[in-house]
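Okay, structure first, notes after.
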Amino acid sequence: MELPSNLIPDEASPEWMNKGDNAWQLTTATLVGLQTIPGLVILYGSMVKRKWAINSAFMAFYAFAMVLVCWVGWGFRMSFGDKLVFFLGKPGVALDEKFLLKRAFAGYLPTATMVFFQSVFAAITVVLIAGSLLGRMNFRAWILFVPLWFTFSYTIAAFSIWCPQGWLAKLGVIDFAGGFVIHLSAGVAGFTAAFWVGPRAEKDRRNCPPNNVILMLAGAGLLWMGWSGFNGGAPFVASTISGLAILNTHVCTATSILTWLLLDSLFFGKPSVLGAIQGMITGLVCITPAA
(Lines give C-alpha, C1' and ligand atoms only; values in the text may rest on other atoms or scores of the structure.)
Protein backbone atom coordinates (compact mmCIF):
# COMPACT_ATOMS: atom_id res chain seq x y z
CA MET A 1 0.00 0.00 0.00
CA GLU A 2 1.45 3.33 -1.07
CA LEU A 3 1.59 6.41 1.12
CA PRO A 4 -0.57 9.43 0.20
CA SER A 5 1.33 11.84 -2.01
CA ASN A 6 1.55 14.46 0.75
CA LEU A 7 3.37 11.99 3.02
CA ILE A 8 5.93 10.73 0.52
CA PRO A 9 9.42 11.91 1.58
CA ASP A 10 11.17 14.42 -0.68
CA GLU A 11 13.96 16.99 -0.45
CA ALA A 12 11.79 19.44 1.51
CA SER A 13 10.24 16.72 3.69
CA PRO A 14 12.89 14.12 4.60
CA GLU A 15 12.01 10.75 6.13
CA TRP A 16 13.07 11.75 9.62
CA MET A 17 10.78 14.82 9.78
CA ASN A 18 7.27 14.62 11.19
CA LYS A 19 5.13 17.27 9.49
CA GLY A 20 2.65 17.44 12.37
CA ASP A 21 5.38 17.91 14.98
CA ASN A 22 7.12 20.52 12.85
CA ALA A 23 3.90 22.47 12.32
CA TRP A 24 3.09 22.31 16.04
CA GLN A 25 6.57 23.48 17.00
CA LEU A 26 6.42 26.47 14.66
CA THR A 27 2.99 27.33 16.07
CA THR A 28 4.13 27.12 19.68
CA ALA A 29 7.20 29.22 18.89
CA THR A 30 4.95 31.91 17.43
CA LEU A 31 2.72 31.79 20.53
CA VAL A 32 5.75 32.31 22.78
CA GLY A 33 6.88 35.16 20.55
CA LEU A 34 3.44 36.76 20.90
CA GLN A 35 3.85 36.64 24.69
CA THR A 36 6.61 39.20 24.29
CA ILE A 37 5.64 40.99 21.06
CA PRO A 38 3.05 42.37 21.77
CA GLY A 39 2.17 40.78 25.17
CA LEU A 40 4.87 42.09 27.50
CA VAL A 41 5.30 45.23 25.40
CA ILE A 42 1.67 46.12 26.14
CA LEU A 43 1.80 44.92 29.75
CA TYR A 44 4.95 46.84 30.63
CA GLY A 45 3.91 49.98 28.79
CA SER A 46 0.50 50.12 30.47
CA MET A 47 1.33 49.07 34.04
CA VAL A 48 3.73 51.95 34.80
CA LYS A 49 3.26 55.70 35.07
CA ARG A 50 2.54 57.49 31.81
CA LYS A 51 5.98 59.15 31.74
CA TRP A 52 7.64 55.70 31.70
CA ALA A 53 5.23 54.01 29.29
CA ILE A 54 7.12 54.36 26.00
CA ASN A 55 10.52 53.63 27.56
CA SER A 56 9.17 50.51 29.30
CA ALA A 57 7.48 49.15 26.18
CA PHE A 58 10.53 49.93 24.04
CA MET A 59 12.80 48.05 26.46
CA ALA A 60 10.86 44.86 25.71
CA PHE A 61 10.65 45.57 21.98
CA TYR A 62 14.38 46.23 21.66
CA ALA A 63 15.39 43.22 23.75
CA PHE A 64 13.35 40.84 21.59
CA ALA A 65 15.10 42.04 18.43
CA MET A 66 18.59 42.11 19.94
CA VAL A 67 18.36 38.61 21.42
CA LEU A 68 17.17 37.09 18.13
CA VAL A 69 20.17 38.56 16.28
CA CYS A 70 22.57 37.44 19.02
CA TRP A 71 20.92 34.01 19.03
CA VAL A 72 21.64 33.23 15.37
CA GLY A 73 24.98 35.05 15.56
CA TRP A 74 26.49 33.00 18.36
CA GLY A 75 23.97 32.13 21.09
CA PHE A 76 22.33 28.99 19.70
CA ARG A 77 25.59 27.13 19.29
CA MET A 78 26.83 28.35 22.66
CA SER A 79 23.64 26.88 24.15
CA PHE A 80 23.15 23.72 22.08
CA GLY A 81 26.32 23.23 20.01
CA ASP A 82 29.61 21.41 20.48
CA LYS A 83 31.12 21.63 23.95
CA LEU A 84 33.74 24.32 24.57
CA VAL A 85 33.96 23.76 28.33
CA PHE A 86 31.72 21.69 30.58
CA PHE A 87 29.21 24.51 31.04
CA LEU A 88 29.28 26.22 27.61
CA GLY A 89 29.26 25.44 23.90
CA LYS A 90 31.46 26.85 21.14
CA PRO A 91 30.10 30.13 19.70
CA GLY A 92 29.22 30.05 16.03
CA VAL A 93 26.77 31.36 13.45
CA ALA A 94 23.54 29.36 13.11
CA LEU A 95 22.54 30.51 9.62
CA ASP A 96 24.26 27.96 7.39
CA GLU A 97 21.77 26.23 5.06
CA LYS A 98 23.12 22.71 5.58
CA PHE A 99 23.11 23.21 9.35
CA LEU A 100 19.55 24.57 9.45
CA LEU A 101 18.06 21.86 7.22
CA LYS A 102 19.49 18.86 9.06
CA ARG A 103 17.65 17.12 11.91
CA ALA A 104 17.62 18.96 15.25
CA PHE A 105 19.23 17.53 18.38
CA ALA A 106 15.76 16.61 19.70
CA GLY A 107 12.47 15.71 18.05
CA TYR A 108 11.58 15.02 14.43
CA LEU A 109 12.26 18.61 13.39
CA PRO A 110 14.72 20.54 11.23
CA THR A 111 17.29 22.57 13.11
CA ALA A 112 15.78 25.77 11.63
CA THR A 113 12.59 25.14 13.60
CA MET A 114 14.56 24.42 16.77
CA VAL A 115 16.61 27.60 16.35
CA PHE A 116 13.47 29.72 16.09
CA PHE A 117 11.70 27.92 18.94
CA GLN A 118 14.62 28.34 21.31
CA SER A 119 15.19 31.95 20.24
CA VAL A 120 11.82 33.15 21.53
CA PHE A 121 12.51 31.43 24.87
CA ALA A 122 15.84 33.25 25.10
CA ALA A 123 14.18 36.55 24.21
CA ILE A 124 11.39 36.33 26.77
CA THR A 125 13.93 35.50 29.49
CA VAL A 126 15.72 38.81 28.98
CA VAL A 127 12.43 40.71 28.68
CA LEU A 128 11.29 39.25 32.02
CA ILE A 129 14.34 40.86 33.64
CA ALA A 130 13.17 44.21 32.27
CA GLY A 131 10.11 43.98 34.52
CA SER A 132 12.42 44.52 37.52
CA LEU A 133 13.93 47.65 36.00
CA LEU A 134 10.95 49.60 34.67
CA GLY A 135 11.25 53.26 35.60
CA ARG A 136 14.76 52.69 37.00
CA MET A 137 17.18 52.04 34.14
CA ASN A 138 18.50 54.33 31.44
CA PHE A 139 17.70 52.93 27.98
CA ARG A 140 21.32 53.26 26.82
CA ALA A 141 22.41 51.08 29.73
CA TRP A 142 19.72 48.55 28.77
CA ILE A 143 21.09 48.47 25.20
CA LEU A 144 24.40 47.16 26.58
CA PHE A 145 22.91 44.98 29.31
CA VAL A 146 20.81 42.82 26.96
CA PRO A 147 23.55 41.25 24.78
CA LEU A 148 25.99 41.00 27.68
CA TRP A 149 23.61 39.20 30.06
CA PHE A 150 22.33 36.97 27.27
CA THR A 151 25.86 35.96 26.26
CA PHE A 152 27.39 35.44 29.68
CA SER A 153 24.42 34.12 31.66
CA TYR A 154 21.58 32.68 29.59
CA THR A 155 23.77 30.58 27.29
CA ILE A 156 25.53 29.03 30.28
CA ALA A 157 22.26 27.97 31.92
CA ALA A 158 20.80 26.68 28.64
CA PHE A 159 23.88 24.61 27.77
CA SER A 160 24.32 23.24 31.28
CA ILE A 161 20.72 22.05 31.69
CA TRP A 162 19.07 21.70 28.28
CA CYS A 163 21.94 20.61 26.01
CA PRO A 164 22.54 16.83 26.11
CA GLN A 165 26.26 17.58 26.60
CA GLY A 166 25.70 19.92 29.54
CA TRP A 167 27.09 18.92 32.92
CA LEU A 168 23.81 19.33 34.79
CA ALA A 169 21.93 17.45 32.06
CA LYS A 170 24.36 14.56 32.47
CA LEU A 171 23.70 14.60 36.23
CA GLY A 172 20.00 14.06 35.52
CA VAL A 173 18.66 17.59 36.06
CA ILE A 174 15.31 17.99 34.28
CA ASP A 175 13.87 21.40 33.49
CA PHE A 176 10.54 21.18 31.70
CA ALA A 177 9.96 24.38 29.70
CA GLY A 178 12.33 26.60 31.66
CA GLY A 179 11.75 26.61 35.43
CA PHE A 180 15.51 26.87 35.95
CA VAL A 181 16.84 28.21 32.64
CA ILE A 182 14.20 30.93 32.22
CA HIS A 183 12.29 31.78 35.38
CA LEU A 184 14.92 31.20 38.04
CA SER A 185 17.70 32.85 36.06
CA ALA A 186 15.50 35.83 35.11
CA GLY A 187 14.24 36.16 38.68
CA VAL A 188 17.71 36.13 40.23
CA ALA A 189 19.03 38.52 37.57
CA GLY A 190 16.08 40.87 37.99
CA PHE A 191 16.42 40.91 41.78
CA THR A 192 20.17 41.51 41.56
CA ALA A 193 19.82 44.22 38.92
CA ALA A 194 17.10 46.01 40.88
CA PHE A 195 19.31 45.93 43.99
CA TRP A 196 22.30 47.47 42.23
CA VAL A 197 20.32 50.02 40.24
CA GLY A 198 18.51 51.06 43.40
CA PRO A 199 14.93 52.16 44.15
CA ARG A 200 12.93 54.71 42.23
CA ALA A 201 12.79 58.29 43.45
CA GLU A 202 10.72 58.71 46.62
CA LYS A 203 8.08 60.82 44.87
CA ASP A 204 7.56 58.06 42.27
CA ARG A 205 7.22 55.36 44.93
CA ARG A 206 4.38 57.02 46.82
CA ASN A 207 1.81 57.01 44.05
CA CYS A 208 2.45 54.76 41.04
CA PRO A 209 -0.84 53.75 39.38
CA PRO A 210 -0.92 52.01 35.98
CA ASN A 211 -1.56 54.39 33.10
CA ASN A 212 -4.00 52.10 31.25
CA VAL A 213 -5.74 49.25 33.08
CA ILE A 214 -7.60 47.89 30.03
CA LEU A 215 -4.40 47.58 28.01
CA MET A 216 -2.67 46.07 31.02
CA LEU A 217 -5.29 43.30 31.09
CA ALA A 218 -4.91 42.82 27.32
CA GLY A 219 -1.15 42.37 27.66
CA ALA A 220 -1.64 39.97 30.57
CA GLY A 221 -4.16 38.00 28.52
CA LEU A 222 -1.70 37.61 25.64
CA LEU A 223 0.91 36.41 28.13
CA TRP A 224 -1.53 33.86 29.59
CA MET A 225 -2.77 32.43 26.28
CA GLY A 226 0.73 32.40 24.83
CA TRP A 227 1.77 30.05 27.61
CA SER A 228 0.08 27.25 25.65
CA GLY A 229 3.11 27.44 23.39
CA PHE A 230 5.52 27.90 26.28
CA ASN A 231 4.63 24.62 28.00
CA GLY A 232 2.90 22.84 25.13
CA GLY A 233 5.98 23.10 22.93
CA ALA A 234 8.46 21.84 25.51
CA PRO A 235 8.10 18.12 24.60
CA PHE A 236 9.10 18.91 20.96
CA VAL A 237 6.21 16.75 19.77
CA ALA A 238 2.46 17.07 19.23
CA SER A 239 1.52 14.37 21.74
CA THR A 240 -0.60 13.51 24.76
CA ILE A 241 2.07 15.15 26.94
CA SER A 242 1.57 18.45 25.10
CA GLY A 243 -2.18 18.32 25.70
CA LEU A 244 -1.70 17.47 29.37
CA ALA A 245 0.85 20.24 29.85
CA ILE A 246 -1.47 22.85 28.30
CA LEU A 247 -4.47 21.79 30.38
CA ASN A 248 -2.42 21.77 33.60
CA THR A 249 -1.04 25.21 32.73
CA HIS A 250 -4.41 26.90 32.37
CA VAL A 251 -6.12 25.16 35.30
CA CYS A 252 -3.26 26.13 37.62
CA THR A 253 -3.25 29.72 36.36
CA ALA A 254 -7.00 30.14 36.80
CA THR A 255 -6.78 28.67 40.31
CA SER A 256 -3.91 31.00 41.19
CA ILE A 257 -5.87 34.05 40.03
CA LEU A 258 -8.90 33.10 42.11
CA THR A 259 -6.72 32.36 45.14
CA TRP A 260 -5.01 35.75 44.86
CA LEU A 261 -8.38 37.53 44.56
CA LEU A 262 -9.64 35.69 47.64
CA LEU A 263 -6.57 36.74 49.63
CA ASP A 264 -6.95 40.34 48.42
CA SER A 265 -10.55 40.31 49.65
CA LEU A 266 -9.61 38.83 53.03
CA PHE A 267 -6.68 41.13 53.74
CA PHE A 268 -7.59 44.36 51.92
CA GLY A 269 -11.37 44.17 51.76
CA LYS A 270 -11.73 43.95 47.97
CA PRO A 271 -10.20 42.19 44.94
CA SER A 272 -7.91 44.14 42.62
CA VAL A 273 -6.85 44.04 38.97
CA LEU A 274 -3.16 44.17 39.90
CA GLY A 275 -3.70 41.28 42.30
CA ALA A 276 -5.35 39.22 39.56
CA ILE A 277 -2.42 39.81 37.21
CA GLN A 278 0.05 38.97 39.96
CA GLY A 279 -1.87 35.77 40.62
CA MET A 280 -1.87 34.93 36.91
CA ILE A 281 1.89 35.35 36.57
CA THR A 282 2.52 33.41 39.78
CA GLY A 283 0.42 30.51 38.54
CA LEU A 284 2.08 30.46 35.13
CA VAL A 285 5.58 30.46 36.56
CA CYS A 286 4.85 27.87 39.24
CA ILE A 287 3.21 25.35 36.90
CA THR A 288 5.82 25.57 34.15
CA PRO A 289 8.39 23.08 35.54
CA ALA A 290 5.64 20.65 36.56
CA ALA A 291 3.14 21.07 33.71
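The values are calculated or read from the model by the stated rules, or taken from the named source; none is laboratory data. Please read these numbers as outputs of a predicted model, since none were measured by experiment. Counting neighbours? That spans all protein chains shown, and the Cβs are built from the backbone with ideal geometry, glycine included. Side chains are part of the model used for accessible areas, which takes the heavy atoms of the whole protein and leaves out ligands, DNA and RNA. Shrake-Rupley method; radii C 1.70, N 1.55, O 1.52, S 1.80 Å.
Points worth noting:
- In plain terms, the bigger the Kirkwood radius, the slower the diffusion; for region 1-145, with that radius from Cα pairs, at 37 °C and 0.692 mPa s, Stokes-Einstein puts D at 192 µm²/s.
- Short to long, the 10 Å bins of the Cα pair-distance histogram for region 180-291 hold 13, 32, 37, 15, 3, 0 percent of all pairs.
- Separation of the V69 and T240 label points, Cα + 7 Å toward Cβ, nm: 4.6 nm
- If the segment from F58 to E202 were pulled out straight at 0.36 nm per residue, it would be longer than the present Cα-Cα gap by 49.4 nm.
- Measuring nothing but how far apart in sequence close Cα pairs (under 8 Å, 6+ apart) lie, relative to its length, region 60-203 scores a relative contact order of 29 percent.
- Apportionment of accessible area to carbon and sulfur, the chain, percent (1.4 Å): 70 percent
- Relative contact order [Cα under 8 Å, 6+ residues apart], the chain, whole percent: 25 percent
- Rounded Å value of the spacing that divides the Cα centres of region 10-24 and region 184-253: 32 Å
- Computed with a 1.4 Å probe on the full set of protein chains, the accessible area for I241 sits at about 100 Å².
- Taking the helices alone, the chain has a mean residue ellipticity at 222 nm of -19000 deg cm²/dmol, built from -39,500 (n - 2.57) per DSSP H run of at least 4 residues and averaged over all its residues.
- Exposure ranking of C286, C70 by accessible area [1.4 Å probe, largest first]: C286, C70
- Cα gyration tensor shape of region 112-245, rounded if a/c is under 1.5, else prolate or oblate by comparing a/b with b/c: oblate
- Accessible area (Å², per residue) of region 18-215, counting only protein heavy atoms and a probe of 1.4 Å: 47 Å²
- Taking the longest Cα principal axis of the chain as reference, the axis of helix 139-149 is set at about 40 degrees.
- The chain has equivalent-ellipsoid semi-axes of 35, 23, 17 Å, by the square roots of 5 times the alpha carbon gyration tensor eigenvalues, sorted largest first.
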